[in-house]
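The structure under discussion appears below in the form of structure tokens.
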Amino acid sequence: MSQDVFTVKIAGPAGSGIKSSGLLLSHILVAHGFNIRDYSEYPSLIRGGHNTYQVSFSANELFAPHYDIDVFFSLLPQHWSQHTSEFNQSTLVFGDDAPVVLPLKDLAQQIGGHLYVNTLCLGVIAYIFSLNQDTCHQIITQTFGSDTPNLKAFDLGFDYASKNYAQSKITLIFPQKITNDKIYEGNEAYSWGFIAGGGNFYAAYPMTPSSGAMHFLAGVQEKYKITFIHPEDEIAAASLCAGAVFAGARAATGTSGGGFALMCETVSLCGAANLGVVFYLVSRPGPATGLPTWTSQGDLLFAVNSGHGEFNKIVIAPGDQAESFEFGAESLNLAAKFNIPVIVLSDKFVAESSASLSDLSTKKADIIISQQPLPGTPGQEYLANSYEHDAAGYAVEDIDTINKNAAVRQQQRQQIIKSLPSPKLLNNNSSNLIMSWGSTKSTILETLKLLENKYDYLQLTTLWPIDAEIKTILSKYQKIFVIENNATAQLVTLLKSQFDFNPVKIILKSDGRPFFPEELVKELKQYD
Amino acid sequence: MINLKSGITPTWCPGCNNFLLFAGIQQAIDQLGIAKENVVLVFDIGCIGNMADFFNTYSVHSLHGRCIPTALGVKLANPKLTVIAIGGDGGVYGEGMGHLIAAARADAPITVVVSDNHLYSLTTGQTSPTTPKGSKTKSTPLGSISVPINPVSLLHTINPDVMVDSIDGRDPQLITAKLVEALKHPGFSLLDLQQICVTFGKELSA
């Protein structure tokens with residue numbers, strides 16, 4: 001099989017434009033018609049350290065970034081040696097001190113300093129892969145303007161490569177047609193879903209890796225008539241949303257695990273007072289401050305069990321950027337339909353990685369409006385109460401009402417289950433099933449492509465409440481493999497609390513890094 | 001006179017100053033001619049928070065310390081509404097102090113009313129942010145070590161544009177008059193009602 005996925009990686013210190021040049025490259029690739037999936041790593045600091053951006057691209061279907069690198073750039077010396085496990089014999093590793101010498105320090109002097117070597121590297125990439133120079137110029141001009149030194153830097157890289165690396169050119173199969181696809185990080189895709197779903201109130205306190213959604217929505221608040229507020233803390237963010245929903249807004253807040261810990265009292269309030277607030281929870285590894293800029297699926301049980309007391313809530317988890325859009329809209333509908341808290345559980349790997357998708361800005365979603373009485377409407381006054389209450393909202397402590405309320409919640413749970421996103425089964429007529437939730441989806445689909453679809457795959461999109469019907473699907477399989485990006489197999493724990501569940505193998509990873517298809521291929525091949 | 005009552009009998013102790021505020025809120029809304037449906041009351045937790053049950057308006061009985069951000073959420077979502085956050089000294093000056101400061105900084109267009117009886121009374125009498133220094137309470141049997149907060153000077157330091165007043169919470173006419181003034185104020189207003197808890201407040205240091 002000829003290679004149809006290629007991966008380029010750029011590494012260097014924070015502040016040297018790793019991500020901006022990486023995204024520029026992705027835009028250039030998408031303008032050629034390629035599908036892209038990217039991934040970036042960065043420490044929690046502003047200058048120095050070690051940042052990377054990698055993008056995989058293909059003229060064919062592509063689900064996730066790959067681990068093995070074809071072309072690597074070290075923007076400063078010593079930013080390549082820690083990546084040797086990602087290299088193979090044919091990997092081109094460029095840099096001042098790298099196996100393929102690219103004298104960035106000297107070349108930088110010709111283009112006004114080291115600031116532009118990232119774009120110079122794009123020139124080298126364009127030469128190596130025979131990209132269309134006009135297209136590259138066009139994207140650079142669109143990004144930086146027509147008088148930018150980046151154009152000169154790109155040309156210098158291209159010329160230098162054509163004189164020195166003629167032997168290293170890589171032959172690509174170019175896409176047949178050029179699409180209108182755009183590049184979306186998960187956070188951005190979620191935000192477009194929020195807009196499409198009629199979201200009009202977003203309150204959030206900054207916390208990596210959720211802040212991308214707040215930045216995006218803050219930036220478009222006037223255009224899309226969104227009331228946006230960055231308040232004093234996460235508790236206020238959630239409380240603002242609770243008040244806004246009472247007054248008729250379609251409201252969401254966004255945070256990561258630590259901020260969500262503070263919001264848990266509001267999750268509980270929303271459950272008691274019937275306020276349909278959406279919580280966009282983008283996980284990173286904990287405990288406590290943990291690993292702020294890395295990825296994890298370690299908050300599943302926390303999300304499911306969030307908020308004190310027993311009440312109905314919904315937890316749904318997008319598996320990729322496209323589902324981040326879908327659930328951004330759907331979460332608002334579920335919140336409006338059932339008037340309970342809805343958690344959209346994502347993680348850094350989805351939220352801060354990009355995918356090429358068809359234009360989301362014009363995509364529409366169905367909108368379900370809440371039937372709760374609206375302040376301003378005469379005659380429907382009621383109390384949204386954090387206390388146990390009767391139908392009008394007044395606090396009660398009598399046994400009959402308490403038991404009746406519990407029964408109503410139980411009935412509502414059955415209705416909720418019927419309305420939630422269904423599990424997605426990819427049927428390859430196998431007797432073996434891979435099962436996962438959230439961000440592992442993209443890597444698993446890419447893995448199955450490499451394994452020529454030897455397994456069926458079940459993605460749970462709804463994590464709470466659990467539909468017991470899942471058991472019927474599972475009963476058809478001889479062997480079940482569960483893959484989770486956490487240390488304690490939280491999906492397995494959750495399902496075991498609902499029914500008998502005994503997967504033959506649980507594949508876990510909890511080092512802050514996502515799974516890559518190559519490592520899953522290796523893991524699964526042991527069971528052939 | 002506008003009727004905002006739910007018909008549920010108030011559960012406060014006989015002689016509690018909260019009865020005066022309950023009447024004052026209704027009189028102020030009546031005087032200002034605000035339609036019942038356009039009033040939203042957002043309650044904190046505590047004895048005063050229990051007033052939520054005695055009104056028949058659009059109301060939220062929120063969580064302890066959170067009446068201000070919840071009320072602001074209501075107001076931002078529908079600026080036409082008259083939104084009043086109602087809490088005690090514990091909720092507004094203690095658990096919710098960060099929210100109070102932020103709302104004053106932003107000159108947030110809501111009115112906050114504080115039943116300031118210098119104690120946590122619903123929880124049977126512990127020290128609050130406005131308890132006089134040296135007071136012996138259930139949580140400070142050796143005497144409280146902290147000086148009390150002065151909400152007026154505090155808020156004026158944060159933002160001179162806000163309207164803040166501390167008045168005798170036992171004076172019904174004054175309560176109504178000041179509430180009317182606060183509700184007319186376009187930006188942030190806070191009315192601190194100095195009260196004495198009839199059950200737990202007798203032994204506080206003067």
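The values are calculated or read from the model by the stated rules, or taken from the named source; none is laboratory data. Worth saying up front: this structure is predicted, and the values here are computed from it rather than measured. Counting neighbours? That spans all protein chains shown, and the Cβs are built from the backbone with ideal geometry, glycine included. Just the protein is used for accessible areas: all its heavy atoms, side chains included, with ligands, DNA and RNA removed. Shrake-Rupley method; radii C 1.70, N 1.55, O 1.52, S 1.80 Å.
Do you know which residues across segment A:409-450 are polar (S, T, N, Q), surrounded by 24 or more Cβ atoms within 10 Å (Cβ to Cβ) and outside any strand (DSSP E or B)?
Within segment A:409-450, the first condition is being polar (S, T, N, Q), and the residues that meet it are A:410-412, A:414-415, A:419, A:422, A:427-432, A:436, A:439-440, A:442-443, A:447.
Remaining after also requiring surrounded by 24 or more Cβ atoms within 10 Å (Cβ to Cβ): A:436, A:439-440, A:442-443, A:447.
Those that are polar (S, T, N, Q), surrounded by 24 or more Cβ atoms within 10 Å (Cβ to Cβ) and outside any strand (DSSP E or B): A:SER439, A:THR440, A:SER442, A:THR443, A:THR447.
Tell me which residues, restricted to segment A:487-515, are crowded, with 21+ Cβ neighbours inside 10 Å and either within 19 Å of A:LYS348 (Cα to Cα) or touching a Cys at 6+ places or on another chain (Cβ under 8 Å) (or both).
The answer is A:GLN490, A:LEU491, A:LYS509, A:PRO514, A:PHE515.
Of all the residues that make up segment A:470-486, how many are touching a strand residue (DSSP E or B) at 6+ places or on another chain (Cβ under 6 Å) and among the hydrophobic types (A, V, I, L, M, F, W, C)?
Here is the first cut: in segment A:470-486, the ones touching a strand residue (DSSP E or B) at 6+ places or on another chain (Cβ under 6 Å) are A:477, A:479-484.
Among the residues that remain, those that are also among the hydrophobic types (A, V, I, L, M, F, W, C) are: A:480-483.
Number of matching residues: 4.
Regarding segment B:66-74, can at least one residue be identified that is among the charged types (D, E, K, R) and assigned to a helix (DSSP H, G or I)? Don't jump to the end; show me each part of the working.
To start, the set of residues in segment B:66-74 that are among the charged types (D, E, K, R) comprises B:66.
Now restrict to residues that are assigned to a helix (DSSP H, G or I): none.
No, segment B:66-74 has no match at all.
Would you check if there is a residue in segment A:386-403 being facing another protein chain (nearest Cβ under 8 Å), under 35 Å from the mean Cα position of the chain (by Cα), at negative phi and not aliphatic (A, V, I, L, M)?
yes
Confirm whether A:ALA384 is modelled with pLDDT under 95 and either within 30 Å of B:GLY65 (Cβ to Cβ) or in contact with a Cys (Cβ under 8 Å, 6 or more places away or on another chain) (or both). Explain how you work it out, then say what you get.
Numbers: modelled with pLDDT under 95: no; either within 30 Å of B:GLY65 (Cβ to Cβ) or in contact with a Cys (Cβ under 8 Å, 6 or more places away or on another chain) (or both): yes.
In short, no.
Looking at this structure, is B:SER115 assigned to a strand (DSSP E or B), in contact with a strand residue (DSSP E or B) (Cβ under 7 Å, 6 or more places away or on another chain) and buried (at least 17 other Cβ atoms within 10 Å of the Cβ)? Please lay out each step first, then the result.
Values: assigned to a strand (DSSP E or B): yes; in contact with a strand residue (DSSP E or B) (Cβ under 7 Å, 6 or more places away or on another chain): yes; buried (at least 17 other Cβ atoms within 10 Å of the Cβ): yes.
Yes, satisfied.
From the list A:LYS152, A:LYS163, exactly one residue is surrounded by fewer than 24 Cβ atoms within 10 Å (Cβ to Cβ), free of Cβ contacts under 8 Å to residues at least 12 places away in the same chain, part of a helix (DSSP H, G or I) and in the same structural domain as A:LEU107 (by TED's automatic domain parsing). Which is it?
On the way: A:LYS152 fails: free of Cβ contacts under 8 Å to residues at least 12 places away in the same chain.
So the residue among A:LYS152, A:LYS163 that is surrounded by fewer than 24 Cβ atoms within 10 Å (Cβ to Cβ), free of Cβ contacts under 8 Å to residues at least 12 places away in the same chain, part of a helix (DSSP H, G or I) and in the same structural domain as A:LEU107 (by TED's automatic domain parsing) is A:LYS163.
Applying the selection to segment A:1-46, what residues are among the small types (Gly, Ala, Ser), within 21 Å of the chain's Cα centre (by Cα) and within 23 Å of A:GLN78 (Cα to Cα)?
Of the residues in segment A:1-46, the ones among the small types (Gly, Ala, Ser) are A:2, A:11-12, A:14-17, A:20-22, A:26, A:31, A:33, A:40, A:44.
Filter again for within 21 Å of the chain's Cα centre (by Cα), leaving A:20-22, A:26, A:40, A:44.
Hits for segment A:1-46 are A:SER20, A:SER21, A:GLY22, A:SER40, A:SER44.
Condition check ((1) more than 15 Å from the chain's Cα centre (by Cα); (2) without any contact (Cβ under 8 Å) to a residue 12 or more places away in the chain) across all residues:
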site	(1), (2)
A:ILE183	no, no
A:GLU188	no, no
A:GLY193	no, no
A:GLY198	yes, no
A:ALA203	yes, no
A:LYS223	yes, yes
A:PRO231	yes, no
A:ALA244	yes, no
A:ALA252	yes, no
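All but one of (1) within 25 Å of A:TYR394 (Cβ to Cβ); (2) surrounded by 24 or more Cβ atoms within 10 Å (Cβ to Cβ) hold for B:THR124, so report the exception by its number.
Condition (2) is where B:THR124 drops out.
Can you spot a residue in segment A:352-365 that is within 14 Å of chain B (Cβ to nearest Cβ), part of a loop (DSSP other than H, G, I, E, B) and without any contact (Cβ under 8 Å) to a residue 12 or more places away in the chain? Even if it seems obvious, please write down each step before you answer.
Step one: filter segment A:352-365 for residues within 14 Å of chain B (Cβ to nearest Cβ), giving none.
Checked segment A:352-365: no residue is within 14 Å of chain B (Cβ to nearest Cβ), part of a loop (DSSP other than H, G, I, E, B) and without any contact (Cβ under 8 Å) to a residue 12 or more places away in the chain.
Across segment B:24-76, what is the total count of residues that are acidic (Asp, Glu) and at the interface with another protein chain (Cβ under 7 Å from one of its Cβ atoms)?
Quick first cut of segment B:24-76, residues acidic (Asp, Glu) only: B:30, B:37, B:44, B:53.
Those left that are additionally at the interface with another protein chain (Cβ under 7 Å from one of its Cβ atoms): B:37, B:53.
Here the count works out to 2.
So for segment B:82-105 (the condition being within 12 Å of another protein chain (Cβ to nearest Cβ), surrounded by fewer than 24 Cβ atoms within 10 Å (Cβ to Cβ) and in a loop (DSSP other than H, G, I, E, B)), does at least one residue qualify?
no
Only one of these is at pLDDT below 95 and open to solvent by 10 Å² or more (accessible area, probe 1.4 Å): A:GLU469, A:GLU519. Name it. Show your work before the answer.
On the way: A:GLU519 fails: at pLDDT below 95.
It is A:GLU469.
Within segment A:167-181, identify whether any single residue is acidic (Asp, Glu), more than 30 Å from A:PRO318 (Cα to Cα) and either free of Cβ contacts under 8 Å to residues at least 24 places away in the same chain or open to solvent by less than 60 Å² (accessible area, probe 1.4 Å) (or both), and answer yes or no.
Initially, segment A:167-181 is screened for residues acidic (Asp, Glu), giving A:181.
Narrowing the set further to residues that are more than 30 Å from A:PRO318 (Cα to Cα) leaves none.
No, that holds for no residue.
Within segment B:10-17, can one find any residue that is open to solvent by less than 40 Å² (accessible area, probe 1.4 Å) and in contact (Cβ under 8 Å) with a residue 60 or more places away in the chain? Please lay out each step first, then the result.
So the first thing to find is which residues in segment B:10-17 are open to solvent by less than 40 Å² (accessible area, probe 1.4 Å), and the list is B:10, B:12, B:16-17.
Among the residues that remain, those that are also in contact (Cβ under 8 Å) with a residue 60 or more places away in the chain are: B:16-17.
So far as segment B:10-17 goes, yes, one or more of its residues are open to solvent by less than 40 Å² (accessible area, probe 1.4 Å) and in contact (Cβ under 8 Å) with a residue 60 or more places away in the chain.
In segment B:148-165, what count of residues is obtained for those that are open to solvent by 20 Å² or more (accessible area, probe 1.4 Å) and either more than 10 Å from B:THR130 (Cβ to Cβ) or assigned to a helix (DSSP H, G or I) (or both)? I'd like the intermediate steps shown before the answer.
Initially, segment B:148-165 is screened for residues open to solvent by 20 Å² or more (accessible area, probe 1.4 Å), giving B:148-150, B:152-154, B:156-158, B:160-161, B:163, B:165.
Within this subset, residues satisfying the condition of being either more than 10 Å from B:THR130 (Cβ to Cβ) or assigned to a helix (DSSP H, G or I) (or both) are B:152-154, B:156-158, B:160-161, B:163, B:165.
Within segment B:148-165, residues that are open to solvent by 20 Å² or more (accessible area, probe 1.4 Å) and either more than 10 Å from B:THR130 (Cβ to Cβ) or assigned to a helix (DSSP H, G or I) (or both) number 10.
Kindly provide the set of residues from segment A:206-251 that are away from every other protein chain (no Cβ under 14 Å), open to solvent by 10 Å² or more (accessible area, probe 1.4 Å), not acidic (Asp, Glu) and not in a helix (DSSP H, G or I), ordered by number.
A:PRO206, A:MET207, A:THR208, A:VAL220, A:LYS223, A:TYR224
If you go through segment A:333-348 one residue at a time, do you hit one that is under 30 Å from A:TYR42 (Cβ atoms), outside the structural domain of A:GLU41 (by TED's automatic domain parsing) and in a helix (DSSP H, G or I)?
Yes, some residue in segment A:333-348 is under 30 Å from A:TYR42 (Cβ atoms), outside the structural domain of A:GLU41 (by TED's automatic domain parsing) and in a helix (DSSP H, G or I).
Considering only segment A:256-273, I want to know if a residue exists there that is assigned to a strand (DSSP E or B), within 14 Å of chain B (Cβ to nearest Cβ) and farther than 22 Å from A:VAL408 by Cα.
The answer is no, given that none of the residues of segment A:256-273 is assigned to a strand (DSSP E or B), within 14 Å of chain B (Cβ to nearest Cβ) and farther than 22 Å from A:VAL408 by Cα.
If we scan segment A:51-72, do we find a residue that is open to solvent by 50 Å² or more (accessible area, probe 1.4 Å), in a loop (DSSP other than H, G, I, E, B), outside the structural domain of A:PRO292 (by TED's automatic domain parsing) and modelled with pLDDT under 95?
No.
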